[in-house]
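Just below is one structure, and these are the notes that go with it.
The values are calculated or read from the model by the stated rules, or taken from the named source; none is laboratory data. Since this is a predicted model, take the numbers as computed values, not measurements. Don't worry about glycine lacking a Cβ; one is built from the backbone with ideal geometry, like all the others, and counts go over all protein chains shown.
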């Protein structure tokens, strides 16, 4: 049985751990494709992603003469989820390949787990609370970037990105996925 997973990586310090997370997911039996926002590309060690997944991270739409990418998704993990990507997903804005994948997954009922890294200053933005509520109501599961606990997302203290990166355990995501209902192809 195939278990296809998209690991979506947004531009924040925790993106440095994308290869570690991809390795943990692959070790748990997931066929993992890393899809990175344009801003995440600078945070990734691309050679490391390719060594772990046997494919480079994808950021752009395929060309018309290229074959369709991959099989249908059974699970999406967003790590880290930034305010920009989370807000666009909640509003259905598909202005990039990453958001196209995410909006389609949400519309198709593909389970989505997100490790949010929105800092406390941005967390207070008047629109953010309703975007989080929408994503929760749509079935997105949130994993705390500091503890691995599932539940209501919480802000990350501004300026603690290095601590979050160091303290993050990719096994938190693997454990969370084992505990949630995932689609199987």
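Tabulated data for the structure shown
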| quantity | calculated |
| --- | --- |
| Helices (runs of 4 or more DSSP H) wholly inside the range 75-185 that include at least 1 residues being within 12 Å of the chain's Cα centre (by Cα) and surrounded by 14 or more Cβ atoms within 10 Å (Cβ to Cβ) | 83-91, 97-108, 170-179 |
| Filter result for residue 68 (surrounded by fewer than 20 Cβ atoms within 10 Å (Cβ to Cβ) and part of a loop (DSSP other than H, G, I, E, B)) | yes |
| Failed condition for residue 22, given (1) surrounded by fewer than 19 Cβ atoms within 10 Å (Cβ to Cβ); (2) in contact with a strand residue (DSSP E or B) (Cβ under 8 Å, 6 or more places away or on another chain); (3) part of a helix (DSSP H, G or I) | (1) |
| Top-ranked residue of the range 48-65 - restricted to ones that are buried (at least 18 other Cβ atoms within 10 Å of the Cβ) and either out of contact with any helix residue (DSSP H, G or I) (no Cβ under 9 Å at 6 or more places or on another chain) or assigned to a loop (DSSP other than H, G, I, E, B) (or both), ranked as modelled with the highest pLDDT | 57 |
| Every pair of residues 6+ apart whose Cβ atoms lie under 9 Å, when the first sits in the range 24-43 and is on the phi > 0 side of the Ramachandran plot and in contact (Cβ under 8 Å) with a residue 60 or more places away in the chain while the second is surrounded by 16 or more Cβ atoms within 10 Å (Cβ to Cβ) and assigned to a helix (DSSP H, G or I) | none |
